[in-house]
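Okay, so here's the structure we're looking at.
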Amino acid sequence: MRVNYDTLAKTLRSLTAGETDTVALMATLVCELHHADERFDWTGFYRVTEPDLLKIGPYQGGHGCLQIPFSRGVCGAAARTGEVQRVDDVEAFEGHIACASSTRSELVLPVFNAEGDVIAVLDIDSDQPAAFTQEDAAALESLLAEVFANR
């Protein structure tokens, strides 16, 4: 089963209409996304809680790391650069943080608010190598902008 991003977007519009609480939006999005695709082994947000530090937010899957500095790992790189990180083989990513030994590939997207500030990252891990495509990244970037930057 692969996620249908058009259906997901429609579902999220319906579920989040009128909601402004960031954590509620994150929890709803991550729940819908995680259960929409068999590639997604761990799906969650890391929130920017202080300068150069991410802390775990709403997620689905096994335990995640509680904190990630901007200077470390794939999530830190996405937060630090404001750019999508698509990693086909996490073992080849220098500085990868192994929160779960099952992770083989990872897609991490920065989450921007209406002012253009990075407020979090969306981290999706897969137990399959090279699980994510550029199409996944583009669809998720659009979805994150709709949910977080356009409110």
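Brief remarks follow.
- Wholly within the range 56-116, strands (runs of 3 or more DSSP E) carrying at least 2 residues that are under 18 Å from F148 (Cα atoms) and of a type in the set (A, V, I, L, M): 105-112
- Applying a threshold of 7 Å to beta carbon distances and a minimum spacing of six or more residues, or different chains, the list of pairs starting in the range 74-85 at a residue that is within 17 Å of Q134 (Cα to Cα) and ending at one that is assigned to a helix (DSSP H, G or I) reads V84/A78; V84/A137; V84/E141; Q85/V74; Q85/A77; Q85/A78.
- Residue in the range 28-40 that is part of a helix (DSSP H, G or I) and over 12 Å from the mean Cα position of the chain (by Cα) present: yes
- Flag: R47 matches the condition of being in a strand (DSSP E or B), surrounded by fewer than 21 Cβ atoms within 10 Å (Cβ to Cβ) and touching a helix residue (DSSP H, G or I) at 6+ places or on another chain (Cβ under 9 Å).
- Within the range 6-27, tally of residues that are more than 14 Å from the chain's Cα centre (by Cα), buried (at least 18 other Cβ atoms within 10 Å of the Cβ) and of a type outside the set (V, I, T): 2
- Check on A139, surrounded by fewer than 16 Cβ atoms within 10 Å (Cβ to Cβ), modelled with pLDDT of 95 or more, of a type outside the set (S, T, Y) and within 24 Å of V3 (Cα to Cα): no
- Residues of the range 72-86 that turn out to be surrounded by fewer than 22 Cβ atoms within 10 Å (Cβ to Cβ) and at pLDDT below 95, as a count: 1
The values are calculated or read from the model by the stated rules, or taken from the named source; none is laboratory data. This one's a predicted model, so the numbers in the text were calculated from it and none came from an experiment. All Cβ positions, glycine included, derive from the backbone under ideal geometry; neighbour counts span all protein chains shown.
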